[in-house]
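Reading through the structure tokens given below for one structure.
The values are calculated or read from the model by the stated rules, or taken from the named source; none is laboratory data. Predicted model, so just to flag it, every value in this text is computed and none were measured. Here the Cβ positions follow ideal geometry from the backbone for every residue, glycine too, while neighbour counts run over all protein chains shown. Areas reflect the complete protein model, heavy atoms only, side chains present, ligands, DNA and RNA absent. Shrake-Rupley method; radii C 1.70, N 1.55, O 1.52, S 1.80 Å.
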Amino acid sequence: MLLQAAREKGNLAKIRRATVGGDTGQGGSMTGLRYESPPTLDAAVALLNNAKGLARVLAGGTDVIVQMETDLIEPELLVDIKKIPGLRTIVAENGGFRIGATVSGMEMVEHAALCATWPGVIDGVKLIGSIQVKGRATIAGNLCNGSPAADSVPPLAAAGAVARVIGPQGTREIAVAKIPAGPGKTHLGKGEIVESIFLPARAKHSGDAYERFTPRTEMDIAVVGVAVNLTLDTSGVVISARVVLGAVAPTILEPADCAKAIVGTRLEEAALEQLAAAASAACRPIDDKRGTREFRVTVAGVLARRVAQKAYDRARHIA
Amino acid sequence: MSRKHHITLQVNGDEHEFLCEPQQTLLDVIRDELMLTGTKEGCATGDCGACSVMLDGRLVCSCLVLAVEAEGTSVETIEGMASGDRLHPLQRNFLELNGLQCGICTPGILIAARALLEKNPNPTETEARYWLAGNLCRCTGYDKVIRSVLAAAAEMRGA
Ligand SMILES: Cc1cc2nc3c(=O)[nH]c(=O)nc-3n(C[C@@H](O)[C@@H](O)[C@H](O)COP(=O)(O)OP(=O)(O)OC[C@H]3O[C@@H](n4cnc5c(N)ncnc54)[C@H](O)[C@@H]3O)c2cc1C
Ligand code: FES
Ligand code: FES
């Protein structure tokens, strides 16, 4: 896949250079690309809302630039939101954390309090590409790109994260889980920008975890991803749980039967078996060279129990 | 036609100015406008790490940064790694321990490895391997790369 993409890209890079060098004709609308870095969110919203052709928010650019480079998209307008003050902060709020839209993955990974409170979300962030990619990539971008395999999305959804969205009609708060609409699609409207993502305060004895299965250990796309977020009572019984599956359907899935299988238990073998069966039953995966349908269905069950155990162990250790 | 952007930035401590189009990447500009060809292009899609540079102190792929985004930033490339004729310990250890063959991946690996050692002067082999997972090498099989990094780390710690 890498080779083929690289070969195709060789040509594109040449086309791009020819265009940049002042050659006319080649490169089509790429010569018409406009870059704006507005000073406020309102100005960014207006630019997007008034755009006639394809417009894109530019955050870390790790999806947008790749998509431009491989000719998947030819935007007319890029609205860089990184110069907007106040978006690049992780702020403690009501016992939780508000993560601005331009905070990079590495900035999250280096934030000790965030890592201690939401380790499962950080599991997901750590899996986003290389150190280099995480130096730019944002979780808002990971979410808004709409990939069913985006690694930060299942743990954010399981955490009950809420996005603050600014648009032409004003501000609204929407659960992260409600934003994905299918491959490359979101439920955001024209001109809407995610300003920040809020991770709520945690109840005592809570833990979360995320794992994915990939053919390689690093730099690969999830074949299946599972996030579990749960809370225990003082005797170690699960009193609430959220289980979210990634990469096994056009959007993330939160099968009610998965959570039901473990609430009221201490993750005894029977509960874990039921959880695995519920996770496998919920999958509606694609069948491709990275994993057959049957394989993905099986792995979803295996991962679900493994991740639930990890979240459980964390919950017992986090006071 | 799109507007050309006037960009000012620092590269290896020196101020540079150039005009660029919005679709040009920082990598394009570093190589083709500033003629600093030590930074390599292997894929142009963030997969290989050959284009690794430091951008305001952060390790990034310069193929995934538009040149216009780099306005006002400070960039460090491989050309700034040695001090005059004196090689950086990483560079010397790569030479002495054969941490490179064709050398295409090497500038990116050296930049990434220096970023690792600045954060973690005593990485384990596993930590070094994970940190460098975004730097692909088709020649060495990585073993000598990792050995060179760990040897440089030991030398820099004075061990
Ligand atoms: C080599 C490589 C490996 C990767 N590996 C992984 C991986 O293992 N797992 C994984 O999950 N991802 C992976 N990715 C993709 C990951 O880097 C992106 O999904 C990233 O998180 C997107 O964030 P960004 O800030 O770079 O977004 P951008 O590229 O800037 O934007 C992505 C999309 O979201 C929109 N957008 C961005 N921010 C906002 C906002 N605030 N409001 C509204 N819309 C917005 C953009 O318009 C665009 O459509 C990889 C990428 C590369 C290049
Ligand atoms: S050229 Fe930038 S990562 Fe390959
Ligand atoms: S030495 Fe040739 S690619 Fe690494």
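At-a-glance table
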{"item": "Positions within the range B:45-95 being more than 21 Å from A:Lys83 (Cα to Cα), at the interface with chain A (Cβ under 7 Å from one of its Cβ atoms) and either open to solvent by 10 Å² or more (accessible area, probe 1.4 Å) or of a type in the set (Phe, Trp, Tyr) (or both), in sequence order", "result": "B:Thr45, B:Asp47"}
{"item": "The range B:1-48, residues that are under 26 Å from A:Ser130 (Cα atoms) and among the aliphatic types (A, V, I, L, M)", "result": "B:Leu9, B:Val11, B:Leu26, B:Leu27, B:Val29, B:Ile30, B:Leu36, B:Ala44"}
{"item": "Hits in the range B:16-30 - residues which are more than 19 Å from the chain's Cα centre (by Cα) and among the acidic types (Asp, Glu)", "result": "B:Glu17, B:Glu21"}
{"item": "Search result, residues across the range A:247-300 that are at pLDDT 95 or above, part of a loop (DSSP other than H, G, I, E, B) and of a type in the set (Gly, Ala, Ser)", "result": "A:Gly264"}
{"item": "Filter result for A:Gly124 (open to solvent by less than 20 Å² (accessible area, probe 1.4 Å), modelled with pLDDT of 95 or more and assigned to a helix (DSSP H, G or I))", "result": "yes"}
{"item": "Residue match in the range A:77-94 (condition: open to solvent by 40 Å² or more (accessible area, probe 1.4 Å), near ligand 1 (Cβ under 8 Å from one of its atoms) and closer than 19 Å to B:Gln23 by Cβ)", "result": "no"}
{"item": "Breaking point among (1) surrounded by fewer than 19 Cβ atoms within 10 Å (Cβ to Cβ); (2) within 18 Å of the chain's Cα centre (by Cα); (3) within 11 Å of chain B (Cβ to nearest Cβ), for A:Cys115", "result": "(3)"}
{"item": "Residues of the range A:126-184 that turn out to be out of contact with any strand residue (DSSP E or B) (no Cβ under 8 Å at 6 or more places or on another chain) and over 16 Å from A:Gly105 (Cβ atoms), as a count", "result": "8"}
{"item": "Of the criteria (1) of a type in the set (Gly, Ala, Ser); (2) in contact with an Asp or Glu (Cβ under 8 Å, 6 or more places away or on another chain); (3) crowded, with 24+ Cβ neighbours inside 10 Å, which one A:Ala161 fails", "result": "(2)"}
{"item": "Selection status of A:Gly120, farther than 14 Å from A:Ser196 by Cα and touching a Phe, Trp or Tyr at 6+ places or on another chain (Cβ under 7 Å)", "result": "yes"}
